[in-house]
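Data first, discussion second: the structure below is written as structure tokens.
The values are calculated or read from the model by the stated rules, or taken from the named source; none is laboratory data. The structure presented is a predicted model; accordingly, all values stated were derived computationally and were not measured. Here the Cβ is made from the backbone with ideal geometry for all residues, glycine too, and neighbour counts use every protein chain on show. Quick note on the areas: whole protein, heavy atoms, side chains included, nothing else; ligands and nucleic acids left out. Shrake-Rupley method; radii C 1.70, N 1.55, O 1.52, S 1.80 Å.
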Amino acid sequence: MQNELETKLTDAVIARLSDDADPRFRRIMQSLIRHLHDFVREVELTEEEWFEAIKFLTATGQKCDDKRQEFILLSDVLGVSMLVDAINHRRSGATTETTVLGPFFVHGAKEINNGDDMAAGWKGEPTYVAGRVLSTEGTPLAGALLDLWQSNSEGSYDVQLADTGGKQLRAKLRADAEGRFRLRTILPTSYPVPTDGPMGLVLERMGRHPMRPAHLHFMVSAPGYETVVTHLFVKGDPYLESDVVFGVKDSLIVDFKRDESQVEAQKLKVGAAATVTVAGVEKPVEGKVTLISPALDTGSTTVEVWVKVDNKSGVLKPGTSARVSIAAETVNGAVVVPASSILKDDAGKTSVMVVEKGAAKKREVTTGIADGDDIQIVSAVKAGEQVITTGAYGLDDGTKVKVVVADEKKEEPAAGDKKSGEKD
Ligand code: BEZ
Ligand code: FE
């Protein structure tokens with residue numbers, strides 16, 4: 001049974017707040033004390049647990065320095081950062097949606113000119129980014145300042161790498177007279193948030209993976225306007241639905257369209273099968289490649305490819321936009337698994353958990369083409385092997401597992417499908 005102190009202590013602590021304290025501060029402290037006490041009562045916190053919590057907060061503080069902010073990470077993975085963001089940036093129609101700042105923003109990035117390469121010297125898939133900064137009324141904000149930052153193609157930020165020699169993969173850029181900006185960089189990749197500190201342990205104990213979907217960070221400011229902190233996420237990334245920091249909003253997912261370079265086009269052949277899909281039409285239209293231009297369009301760096309379809313069904317009308325997939329190469333023995341099976345470590349290595357003799361075994365793999373939620377594995381897993389598709393991040397190598405077939409048709413976690421490589 002509760003004794004009197006348990007119920008009266010909360011009011012006694014709140015009563016000590018001075019009437020002269022700043023009113024906003026008073027309101028916040030009153031609420032904090034009340035919720036904290038309610039929480040302790042609700043879970044009946046033991047002394048050992050409270051001491052563990054204090055040790056955890058101490059370790060979180062000790063992990064922080066000028067390059068590492070473990071408290072921001074704590075707030076991010078518990079969804080507090082996104083809640084504060086949601087309350088403070090309620091969307092009014094025309095504004096770009098916001099998301100977390102994250103712990104890797106650094107003041108004082110070098111200023112580059114429109115069109116410059118932010119990733120000079122870094123390997124990765126060349127990427128062109130362009131946009132426009134407008135007020136909510138649609139007026140161009142000439143001279144608006146954009147701060148951009150991103151991880152490298154292995155999923156690390158400059159501040160996480162010892163030998164980058166200064167600020168890398170980050171830049172400041174000014175919008176031109178029409179509010180336009182453009183730059184070159186490399187394609188961002190999905191990456192794990194740092195797991196070598198207290199938050200890594202917490203994520204593991206919660207059975208959560210540490211991944212963020214690939215994104216490019218933006219902070220956009222202009223005198224007299226509210227600053228926008230946001231990202232653009234790469235459409236098709238396997239972690240869009242389960243971002244560890246809950247930062248994804250639909251309006252921020254963009255198609256980083258892949259331009260077929262001449263090298264890619266060389267894999268295509270006249271006569272290759274093409275599948276034309278129209279949004280809202282269930283059955284795709286089949287066709288064939290009839291022409292591959294020998295010349296590269298220097299402006300867009302693309303190669304023109306013609307596809308002929310018979311269109312008997314009349315699905316394709318003048319002006320219809322459609323998606324065309326062309327079979328470019330066949331990877332024999334490749335296996336397809338759901339994206340949630342793929343584990344990525346701090347160094348960017350990919351692996352899966354395979355069931356071997358009743359235990360989960362970690363196996364490093366090479367991934368191939370991603371198609372929606374499916375990812376091709378091109379090495380180390382054979383057709384018929386069982387791959388763990390959910391919860392693999394929480395499993396240690398060697399953990400005993402039991403395979404349960406839930407539904408004959410849908411289940412089958414065994415890697416078995418062969419998939420021919422496709423190029424869109
Ligand atoms: C980031 O996107 O840089 C980030 C955000 C929250 C936690 C960790 C990283
Ligand atoms: Fe990031």
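Observations on the structure shown:
- On a per residue basis, the chain carries 59 Å² of accessible surface, using protein heavy atoms and a 1.4 Å probe.
- Within the chain, helix-based [θ] at 222 nm, where runs of 4 or more DSSP H residues each add -39,500 (n - 2.57), nearest 500: -6000 deg cm²/dmol
- Stretchable slack from Ala177 to Asp65, in nm (0.36 nm times residue separation minus alpha-carbon distance): 36.4 nm
- Calculation over all alpha carbon pairs of the chain in 20 angstrom steps from 0 returns a P(r) of 19, 48, 27, 5, 0 percent.
- Over the chain, relative contact order from alpha-carbon pairs under 8 Å, at least 6 apart, %: 11 percent
- In a DSSP loop and with at most 11 other Cβ atoms within 10 Å, the trypsin sites (Lys or Arg not before Pro) in the stretch 53-107 are Arg90.
- Fraction of accessible area attributable to carbon and sulfur, the chain (%, probe 1.4 Å): 53 percent
- Extension gain (nm, one decimal) between Ser242 and Asp196, 0.36 nm per residue minus Cα-Cα: 14.5 nm
- The largest-to-smallest principal axis extents of the Cα set in the stretch 4-62 are 35, 34, 14 Å.
- Summary of packing: across the peptides 174-182, 210-218, 153-161, the per-residue average of other C-beta atoms within 10 Å ranks them, highest first, as 210-218, 153-161, 174-182.
- Subtracting the Cα-Cα distance of Arg132 and Ala94 from 0.36 nm times their residue separation leaves 12.3 nm of extension gain.
- Between Val270 and Leu36, the distance separating the two model label sites (each 7 Å from Cα on the Cα→Cβ line) works out to 7.6 nm.
- Centre-to-centre separation between the Cα atoms of the stretch 376-399 and those of the stretch 183-254: 25 Å.
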